[in-house]
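Asks: I have a structure here, written as structure tokens, and I will follow up with some questions on it.
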Amino acid sequence: MSGQRLAPISPDRSLEAIFAALAERFAAGFAVERPALRTVGREAEFPVVDADGESVDVRRLWQTLLANPQLEPEYGPGPQRNFITGLKGPDYSYALEVGLGTIEVNTRPCADLFEIQQLMAEAVSRLVSAAARAGWRVLGYGIQPVTSPQLRIMSPKQRYLSLFRAMGEPWLWYTVTAADQLHVAVSRAEMVQLLNFGNLVTPILIALCANSPIYGGQESPYCSAREGRMAAIRANEHRHGMLVRPMASLVDFIETVSQSTYLILRAGGDVVPSSIPFTEYLREHGADYTAFLFHEHYIWNSARLRAAYGTLEIRPACQQPWAENMVVAALNLGLVEAASAISALIVEGLGEDYWEKMRLYHQQVVRYGLDAPQPAPQLLQRALALAEEALAARGRGEERLLSPLWRRVERRQNPAQRARIVFRQDGIRGLLDHVTLRPGAL
């Protein structure tokens, strides 16, 4: 936060004034100046399964993980105050995800990718050891491989039940997916540009990092099933995946987000389902910034601005095989650092309708991975080279973390394409062995 004093929100209830007031408050969450060296933080989700690949209840790991004296339990709000939702430490934390069989490991903001790598290795090593004591597996994979989306594996949080009531069966896809996300510090002056860019490069991330082709014990038509299936959720509102178009300004972003349905809202001490456009709420209540943040949190575009942290959150990649688990963070950061050069590369190579061409490429890579035809010659290779150059310019040696991606491009085989081969040869047992994190390898 900048610490600047904010003007009081105007009592003017016109939507134009409300959008402008919300944009001002939202922008205040970001630094005025671009960071000299961008800080980063990682959110890594991991499926946890039993010996047969079925989803388990990760809450049974809390007591074992609490053997680390630096961790403290976190509890749910209100009536859930006796319900442990995660474990918080000074360097990293564990959080219960939408699905009881998915655990999220979060790092604190870090100066560089190697600091993230060190913290993540410690946190995941403890997690894998705790799971092994229960006879379970932690997977470097982007979706539950056997258990299908269903209500019985949904975490019993009030807001999740309300989202299920608001969205129906499609919400349950969030109980099985596992992403690998990076937060990158951005400034006020560049936030809209980087929001657009983070969405524009979605197909590059998926082409290189898709890893969820098998779910429900069967092969799907997708390299990234988590993106393919979830893209259909409220598709008319474009809540998931790429933005439908680039945003012209922060006010344009606020207005666009506000057109979507206000899925859940706070009513007294409860969270209840809703079915009205958020604009209708604003007409009645004015520029309610807290409500806007609650609404915007449940819009899952590939890149999102997070005012609470002053970051851009980049979301579309699946969890990776552990031996290459840092490639998503490295690629995300490299792309952001090279945003201007890569944007120019895409626009020059694809022409005026570059956004629609990248949206088409997005659909193709979700299904075909690195077999999808590139929309411009050598686009992936040139973007990867620019990202590598930008990481090198940070002076931390982080560019070497991208090396596995060059091998993927050369072989035209991302982790999903490799997982399909393993599954076709050795079935679900072979896939589980292929994606299981081994204690001795961490």
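The values are calculated or read from the model by the stated rules, or taken from the named source; none is laboratory data. Remember, predicted model here, so these are calculated numbers, not experimental data. So basically every Cβ, Gly included, is an ideal-geometry build from the backbone, and we count neighbours across all protein chains shown.
Asks: Any residue in the range 47-65 that's within 23 Å of Gln320 (Cβ to Cβ): show its pairings with residues that are modelled with pLDDT under 95 at Cβ separation under 6 Å, as long as the two are six or more apart or on different chains.
Replies: Nothing qualifies.
Asks: Of all the residues that make up the range 36-74, how many are over 30 Å from Gly334 (Cβ atoms), among the small types (Gly, Ala, Ser) and surrounded by 17 or more Cβ atoms within 10 Å (Cβ to Cβ)?
Replies: Final tally of qualifying residues: 2.
Asks: Against the definition (at pLDDT 95 or above and on the phi > 0 side of the Ramachandran plot), how does Gln319 come out, yes or no?
Replies: Here the answer is no, as Gln319 does not meet what is asked.
Asks: Within the bounds of the range 89-101, is there any residue that is surrounded by fewer than 22 Cβ atoms within 10 Å (Cβ to Cβ), farther than 22 Å from Pro47 by Cβ and either in contact (Cβ under 8 Å) with a residue 24 or more places away in the chain or touching a helix residue (DSSP H, G or I) at 6+ places or on another chain (Cβ under 7 Å) (or both)?
Replies: Looking for residues that are surrounded by fewer than 22 Cβ atoms within 10 Å (Cβ to Cβ), farther than 22 Å from Pro47 by Cβ and either in contact (Cβ under 8 Å) with a residue 24 or more places away in the chain or touching a helix residue (DSSP H, G or I) at 6+ places or on another chain (Cβ under 7 Å) (or both), one finds at least one in the range 89-101, hence yes.
Asks: Within the range 311-324, how many residues turn out to be crowded, with 23+ Cβ neighbours inside 10 Å and more than 12 Å from the chain's Cα centre (by Cα)?
Replies: Count: 2.
Asks: Of Ala179, Ala225, Ala166, Ala210, which residue is crowded, with 22+ Cβ neighbours inside 10 Å and within 22 Å of Phe294 (Cβ to Cβ)?
Replies: After ruling out the rest, the residue left standing is Ala179.
Quick grid of which residues meet (1) under 18 Å from Met358 (Cα atoms); (2) modelled with pLDDT under 95:
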| residue | (1), (2) |
| --- | --- |
| Cys223 | yes, no |
| His238 | yes, yes |
| Met247 | yes, no |
| Phe253 | no, no |
| Tyr262 | no, no |
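Asks: A further question follows. For the range 137-153, how many residues meet the condition of being over 25 Å from Ala210 (Cβ atoms) and hydrophobic (A, V, I, L, M, F, W, C)?
Replies: Total satisfying the criteria: 1.
Asks: Here's another thing I want to ask about it. Would you check if Thr39 is within 20 Å of Tyr160 (Cα to Cα) and among the hydroxyl-bearing types (Ser, Thr, Tyr)?
Replies: no
Asks: Please find, among Ala111, Ala179, the residue that is in contact with an Asp or Glu (Cβ under 8 Å, 6 or more places away or on another chain), modelled with pLDDT of 95 or more and closer than 25 Å to Thr39 by Cα.
Replies: Ala179
Asks: Turning to a different aspect of this structure: If you take the residues in the range 273-291 that are surrounded by 15 or more Cβ atoms within 10 Å (Cβ to Cβ) and touching a residue at least 40 places away in the same chain (Cβ under 8 Å), which one is farthest from the chain's Cα centre (by Cα)?
Replies: So, considering only residues that are surrounded by 15 or more Cβ atoms within 10 Å (Cβ to Cβ) and touching a residue at least 40 places away in the same chain (Cβ under 8 Å), the one farthest from the chain's Cα centre (by Cα) is Gly286.
Asks: One residue is enough: does the range 424-441 have a residue meeting the conditions assigned to a helix (DSSP H, G or I), hydrophobic (A, V, I, L, M, F, W, C) and modelled with pLDDT under 95?
Replies: Yes, that holds for at least one residue.
Asks: Residues of the range 360-380 being in a helix (DSSP H, G or I) and under 19 Å from Tyr222 (Cα atoms), which ones?
Replies: Across the range 360-380, the qualifying residues are Leu360, Tyr361, His362, Gln363, Gln364, Val365, Val366, Arg367, Tyr368, Gly369, Leu370, Asp371.
Asks: Only residues that are surrounded by fewer than 18 Cβ atoms within 10 Å (Cβ to Cβ) and at pLDDT 95 or above: list them for the range 150-160, please.
Replies: Gln150, Leu151, Arg152 - these are the residues of the range 150-160 that are surrounded by fewer than 18 Cβ atoms within 10 Å (Cβ to Cβ) and at pLDDT 95 or above.
Asks: Taking Gly395, is it on the phi > 0 side of the Ramachandran plot, surrounded by fewer than 16 Cβ atoms within 10 Å (Cβ to Cβ), assigned to a helix (DSSP H, G or I) and free of Cβ contacts under 8 Å to residues at least 60 places away in the same chain?
Replies: no
Asks: Now a separate question. Please specify each residue of the range 309-352 satisfying the condition of being of a type in the set (A, V, I, L, M, F, W, C), in a loop (DSSP other than H, G, I, E, B) and within 27 Å of Ala225 (Cα to Cα).
Replies: Once the filter is applied, which keeps residues that are of a type in the set (A, V, I, L, M, F, W, C), in a loop (DSSP other than H, G, I, E, B) and within 27 Å of Ala225 (Cα to Cα), the range 309-352 yields Ala317, Met326.
Asks: Here is a further query. Any residue in the range 219-234 that's more than 11 Å from Cys318 (Cβ to Cβ) and in contact (Cβ under 8 Å) with a residue 60 or more places away in the chain: show its pairings with residues that are crowded, with 19+ Cβ neighbours inside 10 Å and among the small types (Gly, Ala, Ser) at Cβ separation under 7 Å, as long as the two are six or more apart or on different chains.
Replies: Ala231/Gly241
Asks: Going by the conditions given, is Ile428 surrounded by 18 or more Cβ atoms within 10 Å (Cβ to Cβ), β-branched (Val, Ile, Thr) and in contact (Cβ under 8 Å) with a residue 40 or more places away in the chain?
Replies: No.
Asks: Right, something else. Against the definition (among the charged types (D, E, K, R), within 21 Å of the chain's Cα centre (by Cα) and under 23 Å from Ile314 (Cα atoms)), how does Arg42 come out, yes or no?
Replies: In short, yes.
Asks: What is the one condition in (1) crowded, with 21+ Cβ neighbours inside 10 Å; (2) more than 24 Å from Ala416 (Cα to Cα) that Thr147 does not satisfy?
Replies: For Thr147, the exception is condition (2).
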